[in-house]
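Each remark here refers to the structure printed beneath this line.
The values are calculated or read from the model by the stated rules, or taken from the named source; none is laboratory data. On a predicted model such as this, the values are computed, not experimentally measured, just so you know. Heads up, the Cβs are rebuilt from the backbone with ideal geometry, glycines too, and the neighbour counts pull from every protein chain shown. Ligands, DNA and RNA are stripped out before the accessible areas are found, and what is left, the full protein with its side chains, is counted by its heavy atoms. Shrake-Rupley method; radii C 1.70, N 1.55, O 1.52, S 1.80 Å.
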Amino acid sequence: MAVLVTGGAGYIGSHMVLALIDAGQEEIIVLDDLSTGFDWALPPEVKLVVGDVADQALVTELILQHRVDAIAHFAAKIVVPDSVADPLGYYLANTVKTRALIETAARTGVKHVIFSSTAAVYGEPEIVPVPEDLVAAPINPYGRSKLMSEWMIADAAKAHGFSYVILRYFNVAGADPRGRTGQSTPNATHLIKVATQAALGQRSHLEVFGTDYPTPDGSCLRDYIQVSDLAEAHRVALDHLRSGGDSLTLNCGYGRGYSVLEVIEVVKRISGRDFEVRLSPRRPGDPARIVAGADRIRAELGWSPKHDDLDGIVAQALAWEEALGRRNRT
Ligand SMILES: NC(=O)c1ccc[n+]([C@@H]2O[C@H](COP(=O)([O-])OP(=O)(O)OC[C@H]3O[C@@H](n4cnc5c(N)ncnc54)[C@H](O)[C@@H]3O)[C@@H](O)[C@H]2O)c1
Ligand SMILES: O=c1ccn([C@@H]2O[C@H](COP(=O)(O)OP(=O)(O)O[C@H]3O[C@H](CO)[C@H](O)[C@H](O)[C@H]3O)[C@@H](O)[C@H]2O)c(=O)[nH]1
């Protein structure tokens with residue numbers, strides 16, 4: 001039984017590959033077009049195929065040749081403000097290409113699919129922490145592109161007899177505690193990554209996008225989940241499906257929100273470095289607060305996070321950023 005990991009050379013996918021290896025999964029095939037991923041993010045024993053998830057001939061060949069029983073589909077475009085500027089690009093990358101992949105999976109008899117969805121499907125939820133049953137109402141093209149894919153996967157699973165787990169990630173942060181991989185995208189936009197770069201002097205300053213939100217300090221609230229805990233959620237989801245478990249849609253978060261200003265304070269404290277913070281206008285597409293209702297994944301999969309600690313997440317992000325700086329200098 002082999003697992004096809006699309007987008008496995010990216011940030012979260014490369015942590016999933018490590019989680020699978022650590023759990024003894026023998027055959028792992030990564031399909032990645034390296035648009036934002038890196039071949040060096042993968043251990044040498046993992047087969048990397050450079051290609052597009054929508055290349056149905058290639059994906060069919062990989063599935064049949066390696067007898068793939070499960071696909072973990074990470075490959076996507078992921079930046080909320082970019083999706084506002086380029087909605088058609090996001091619908092192509094995240095919806096149209098997912099359709100092509102799922103069609104290939106259905107035709108070739110793949111049994112299980114794990115899909116990377118997002119808290120962005122909830123939009124501006126009225127209930128926080130947000131439960132999975134809340135009607136999804138995304139407020140940006142990124143969230144809509146992912147919600148459409150969720151619907152396609154659920155419909156196709158019923159029609160074609162595969163099972164799935166849709167994981168709705170909240171804000172993913174941190175790095176492999178053993179330093180094997182981390183978030184490596186140049187010009188990244190994610191708050192914790194940007195703040196650690198500012199702390200290390202790799203950026204001149206950090207902008208806070210919006211201080212007039214209806215939150216305690218006026219900046220946005222997010223639920224930051226450590227990336228290896230998230231990868232472990234995928235691994236237990238795979239075990240669940242392989243042992244005959246039902247299809248599920250689950251939030252991945254800790255159930256606690258931190259504001260942008262709080263995160264910045266933690267980065268300054270943990271790094272011991274001060275940096276310039278500019279208070280700027282709101283960024284398009286940002287919801288004010290989004291925090292996971294986090295009970296269902298524990299109940300359904302027995303998932304038990306090991307890194308639910310913002311200080312630790314920031315320390316990992318700093319360590320990875322320093323390692324990346326050394327790598328880029330050599
Ligand atoms: N980072 C977050 O906070 C976050 C939150 C919620 C959901 N997600 C989802 O998690 C998944 C992984 O995100 P990430 O943060 O690791 O991003 P990433 O950009 O590091 O990884 C995406 C990977 O997919 C590859 N890729 C993109 N399009 C492809 C295609 N058509 N064919 C083959 N490979 C392709 C890229 O090269 C990259 O390696 C995405 O689906 C994203 O929407 C991320
Ligand atoms: O330099 C920065 C970067 C971010 N922010 C703020 O920090 C918060 C978090 O922003 P990120 O860009 O780190 O993450 P998002 O919440 O926009 O989105 C992330 O989490 C979402 C789920 O909540 C989606 O899944 C998406 O893929 C993923 O990028 C937002 O309020 C944003 O405005 C800043 O103030 N300054």
Next on the checklist: For the pair ARG326/SER243, report the inter-label distance in nm, with labels modelled 7 Å from Cα in the Cβ direction.
Outcome noted: 4.0
Next on the checklist: Please list, in order, the residues from region 268-309 whose amide nitrogen is less than 15 Å from a point placed 7 Å along the Cα→Cβ vector of ARG256.
Outcome noted: 291-295, 305-309
Next on the checklist: For a distance above 33 Å, tell me the whole-number percent of Cα pairs in the chain that qualify.
Outcome noted: 21
Checklist entry - What span do the alpha-carbon atoms of region 127-184 cover on each of the three principal axes, reported in whole Å from largest to smallest? => result 42, 31, 21
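With all distinct Cα pairs included, what does the Kirkwood hydrodynamic radius of region 153-292 come out to in Å, to one decimal, could you say?
On the way: mean 1/r = 0.0584 Å⁻¹.
17.1 Å is the Kirkwood radius here.
In nm, what is the difference between 0.36 nm times the number of residues separating ARG278 and LYS306 and their Cα-Cα distance?
On the way: separation 28, 0.36 × 28 = 10.08 nm, distance 3.36 nm.
Full-extension gain reported as 6.7 nm.
Go through GLU26, GLU300 and list them by solvent-accessible area, largest first, probe radius 1.4 Å. Working shown, then result.
Details: GLU26 175, GLU300 90 Å².
Ranking GLU26, GLU300 by accessible area, largest first, yields GLU26, GLU300.
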Checklist outcome for this item: Length gained, ILE21-ARG269, 0.36 nm per residue minus C-alpha separation, equals 85.9 nm
Checklist entry - For the chain, what proportion of DSSP beta bridges, expressed in % and rounded to the nearest 5, is antiparallel? => result 5
Next on the checklist: Run the Debye formula on the Cα coordinates of region 46-173, all scatterers equal and no solvent, and tell me log10 I(q)/I(0) at q = 0.19 1/Å.
Outcome noted: -1.07
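Evaluated at 37 °C with a viscosity of 0.692 mPa s, what Stokes-Einstein diffusion coefficient in µm²/s does region 242-286 have when Rh comes from the Kirkwood expression over alpha-carbon pairs? Walk me through the numbers before you get to the answer.
Values: Rh = 14.7 Å.
For these conditions, the coefficient is 223 µm²/s.
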Checklist entry - What does a probe at ARG107 reach in region 62-77, counting residues whose amide N is under 14 Å from the point 7 Å along Cα→Cβ? => result 62-64
Checklist entry - What is the helix-to-structure angle for 310-329, meaning the angle in degrees between its Cα long axis and the longest Cα principal axis of the chain, kept from 0 to 90 and rounded to the nearest 10? => result 80
Checklist outcome for this item: So ALA137 and ALA299, fully extended at 0.36 nm per residue minus their Cα-Cα distance, gain in nm 55.8 nm
Checklist outcome for this item: Expressed in angstrom and rounded, the centroid-to-centroid distance over alpha carbons for region 251-319 and region 42-106 is 27
Checklist entry - Given a 1.4 Å probe and the protein chains all in place, what does the accessible area of TRP40 round to, in Å² to the nearest 10? => result 80
Checklist entry - In Å², what does the accessible area per residue of the chain work out to with a 1.4 Å probe? => result 42
Checklist entry - Of the accessible area of the chain, with the probe set at 1.4 angstrom, what percent is carbon plus sulfur? => result 51
Checklist entry - Mind ordering 133-144, 66-77 by average Cβ neighbours within 10 Å, highest first? => result 66-77, 133-144
